[in-house]
Amino acid sequence: MKKTRRHNTSEQITKQSARNRRDVWYKLDLSAIVYPTLQRRDFSSVYRLSVVLKEPIDPALLQQALDRTLPRFPTYKVAIRKGLFWRYLEPNNRPGPFVREDIKNPCMPMHFKGNNRYLIRVYYYNNRISLEAHHCLGDGTGGMCLLQTLTAAYLGLLGHPVRPEGFVLDIDAEPDPEELEDAYMRYANAKVCPPRPADKTYRVRGTKEPFYTLNIIDGVMSVREVMTVAKKYKATLTEYLNAVLLYALLQKQTNDFHLRLRPVRIAMPVNLRRFFPSKTLRNFITMVYPFIDPRLGEYTFDEIVEQVHNYMRYYISAKFLRGDITTNASTQRNPLIRVVPLFIKDFVVRTFYTRVQDRNSSAGLTNMGALRVPEDMRPYIERFDIYMGQPFSSRTNCAVISFEDTLTVNFASSIVEADVERYFFRKLVQDGVHVKIESNRERS
């Protein structure tokens, strides 16, 4: 791969102005390497973050805000390129991206040569601003940083200035070099590589929707109500919601035709910034897999909660997570693998993911937790939403986010049946949680 000549050879890349990064390219981070490999005509690893304001959106001002904000995020103002051995991100100075009115089916496939090669989209609808990003750029934390900074810039144009704080960055400041780093490689230094789960898990079967249809079901509820119920089970909010999803998947497996029972396992991303200090806006997550094995016997809901609680306590720790990072980094550091041509790497990774990794979980669940915004922004925001996007295979993905006392649980699936979602919300209602359901499905 040949790099272009720098405009100013006397400066280091990490000290260059964000406005002068025309010849800086970025190697994909450790997680991002996988996402382009899985790209298909009908699938892209795209997630969506939304903020609902209290006033209708002015699209012209939103476009101005986007034009001002994006240069502050050099690893998002990029296009993806293919080299002989690796893919990489290069600065994208083409026109755009352009704000568009929202569409019915979010997280559409994001083709690398479309949209002037930008890997983000910004939509508006009534009071809502939505950001969609390809996962090779960064995880939900980086995306939320971009969305909140964009929202702050938009509010500033409306005459409501917002001081930078938390997820809101100063769009006139230089990017911190740490924001651009592959933080995995800094912490991949454990002396052992823990093994990965290998058991085949229960797979949700259903009727595939036509291309490209993404079914969205949102549950809006009170944080206080859910916290009260979780405390009754002596669990955290995340543990409780994981237990409810495992319960729903067990119900689905039990009520469907099956020759044999299989373990039910959830793929849950963990934000590594909680354990390893980093300001990176790129991917810095790893996966844990809470599970229940019904072959051992019938589980009560209390037993499911206890199993999830103990699993979280054991696996979500700095020492275990450091080992998991090291396992991921071991292949990239291998000098023999580094010189294998990209098309061979793609074939091996795609085969492994399809036949092993994707079969290790029955559903996905991510929890961005309780969001905070600068005090200047708080009066103008109603709530936030997050969607994991289209699942790679026929299943459902669940994403959780909260702001103030509003908790939203957002399901996204590409199958007609909504049994898992029904069992999930029914259990919440049985536990005394009031749930408001929203959906993009046609009412029958």
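The values are calculated or read from the model by the stated rules, or taken from the named source; none is laboratory data. Quantities reported herein were computed from a predicted structural model and do not represent experimental measurements. Neighbour counts are summed over all protein chains in view; Cβ atoms, including those assigned to glycine, are modelled from backbone coordinates with ideal geometry.
So the values come out like this:
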| quantity | calculated |
| --- | --- |
| Output for the stretch 261-281, where each listed residue is in contact with a Leu (Cβ under 7 Å, 6 or more places away or on another chain) and either part of a loop (DSSP other than H, G, I, E, B) or outside the structural domain of A318 (by TED's automatic domain parsing) (or both) | F275 |
| Those helices (runs of 4 or more DSSP H) lying entirely in the stretch 171-260 with at least 3 residues loosely packed, with under 15 Cβ neighbours inside 10 Å | 223-232 |
| Residues within the stretch 212-242 that are over 17 Å from M368 (Cα atoms) and of a type in the set (G, A, S), tallied | 2 |
| From R372, R395, R322, residue being touching a residue at least 40 places away in the same chain (Cβ under 8 Å) and closer than 27 Å to Y423 by Cα | R395 |
| Tally of residues being buried (at least 18 other Cβ atoms within 10 Å of the Cβ), closer than 20 Å to M377 by Cβ and basic (K, R) across the stretch 49-88 | 1 |
| Failed condition for I386, given (1) in contact with a Phe, Trp or Tyr (Cβ under 8 Å, 6 or more places away or on another chain); (2) part of a helix (DSSP H, G or I); (3) touching a residue at least 40 places away in the same chain (Cβ under 8 Å) | (2) |
| Candidates V308, V349 - the one that is modelled with pLDDT of 90 or more and either assigned by TED's automatic domain parsing to the domain that holds Q253 or assigned to a helix (DSSP H, G or I) (or both) | V308 |
| Selection from the stretch 170-206 of residues that are in contact with a helix residue (DSSP H, G or I) (Cβ under 7 Å, 6 or more places away or on another chain), of a type in the set (D, E, K, R) and at pLDDT below 85 | K200 |
| Filter result for T408 (among the polar types (S, T, N, Q), surrounded by fewer than 17 Cβ atoms within 10 Å (Cβ to Cβ) and not in a loop (DSSP other than H, G, I, E, B)) | no |
| Residues located in the stretch 89-104, provided they are surrounded by fewer than 16 Cβ atoms within 10 Å (Cβ to Cβ) and of a type in the set (S, T, N, Q) | N93 |
| Checking V420 against (1) hydrophobic (A, V, I, L, M, F, W, C); (2) within 17 Å of the chain's Cα centre (by Cα); (3) buried (at least 19 other Cβ atoms within 10 Å of the Cβ), the condition it does not meet | (2) |
| Those residues of the stretch 119-151 which are crowded, with 22+ Cβ neighbours inside 10 Å, part of a loop (DSSP other than H, G, I, E, B) and out of contact with any His (no Cβ under 9 Å at 6 or more places or on another chain), in sequence order | H135, C136, L137, G138, D139 |
| Odd one out for T366, checked against (1) more than 22 Å from A230 (Cβ to Cβ); (2) in a strand (DSSP E or B); (3) among the hydroxyl-bearing types (S, T, Y) | (1) |
| Total residues in the stretch 275-298, condition modelled with pLDDT under 95, surrounded by 18 or more Cβ atoms within 10 Å (Cβ to Cβ) and over 22 Å from the mean Cα position of the chain (by Cα) | 0 |
